[in-house]
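Here's the structure we're looking at; comments come further down.
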Amino acid sequence: MEQSVLRPSLLGSLLFALRSNLRQRERVLLFELARTWHSSTDPSPRERRHVGIAMVGPRTVGHWSGGDGTLDFFDAKGVVDAVCAAFQVSAEYAEVRHTSLHPGRTAEVRVGGQRLGVVGQLHPALAERLDLGEAQILVAELDFERLVQAREPFMTVQTPSRFPPADRDISFFVDAATRHDELERAISDAAGGLLEDVRLFDVFRGGSVPAGRKSLAFALRYRAQDRTLEDDEVSAAHARVEHAVQSRFGAEVRGR
């Protein structure tokens with residue numbers, strides 16, 4: 001057998017499969033999800049699932065208009081990014097040296113500061129030794145267990161309320177340097193769970209606005225998931241919003 005049953009890496013088996021496929025075609029893209037085994041202090045080796053990727057050939061399938069180049073390091077990195085994105089994980093890359101990979105065309109893949117795997121171009125000397133020709137061979141291997149552990153919770157969808165909204169506006173003078181996103185956060189915090197949406201719809205300076213101040217107007221939508229809101233509930237939430245912008249930002253609420 002050319003490969004050990006207890007493989008510490010998937011790259012060997014992928015490269016043998018790549019070589020077989022290259023006898024039939026010039027463009028080959030392979031992946032494998034399988035168990036690997038790693039040495040540990042226990043008598044039995046530690047088992048982890050890895051994802052392996054191997055790519056070679058033109059970037060696109062042959063077309064009458066001509067190709068747009070051959071697959072390179074950035075194509076392999078794009079595949080790794082896509083795999084990570086499927087798990088809501090943002091990959092980071094750092095320069096690294098790997099005995100089987102081309103120096104300068106290799107990167108360590110990290111998630112949250114931890115090593116996830118490696119991506120790069122197979123070293124030309126190794127490609128020649130494996131009879132893989134002169135084309136750039138791109139490979140990647142990721143620790144699938146760590147990828148699963150790092151994934152973000154999948155988004156949940158909340159059914160829209162079937163009860164009617166209550167819309168209120170609030171406008172006020174505030175210091176000209178005050179950021180509207182900070183005001184939005186303060187409004188949301190003060191209004192609580194009944195606030196469905198807050199939107200800035202008007203900004204005005206000059207005219208009757210005091211010097212060094214600006215006039216902002218926000219539209220607020222209140223709604224409950226389980227009932228029609230009473231007017232006094234909306235008024236109480238809106239009063240908290242007014243108090244928040246007055247006490248935290250020195251706002252002068254208009255129309256009071």
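At a glance:
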item	result
Cα-centred dipole magnitude for region 198-247, charges only on beta-carbon of K, R (+1) and D, E (-1), debye, nearest 20	420
Nearest-ten-degree value, helix 73-86 long axis tilted from longest Cα axis of the chain	50
Fraction of accessible area attributable to carbon and sulfur, region 207-256 (%, probe 1.4 Å)	43
Assigned charges on the beta-carbon of Lys, Arg, Asp, Glu; the chain dipole about Cα centre (debye)	320
Where region 71-196 is the region considered: accessible area per residue in Å², 1.4 Å probe	57
Cβ charges +1 (Lys, Arg) and -1 (Asp, Glu), total dipole of region 94-204, debye	360
Farthest positive-ward along the chain dipole, Cα basis, beta-carbon charges - from His50, Trp37, Leu194	Trp37
Relative compactness, the chain, computed as alpha-carbon Rg over 2.2 N^0.38 Å	1.62
Acute angle (nearest 10 degrees) that the helix 11-22 long axis makes with the longest principal axis of the chain, alpha-carbon atoms	70
On Cα atoms only, tilt of 231-249 relative to the major axis of the chain in degrees	80
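The values are calculated or read from the model by the stated rules, or taken from the named source; none is laboratory data. Computed from a predicted structure; not experimentally measured. Cβ coordinates were reconstructed from backbone atoms using ideal geometry, including for glycine residues, and neighbour counts include every protein chain displayed. Heads up: the accessible areas ignore ligands, DNA and RNA and are worked out on the full protein's heavy atoms, side chains in. Shrake-Rupley method; radii C 1.70, N 1.55, O 1.52, S 1.80 Å.
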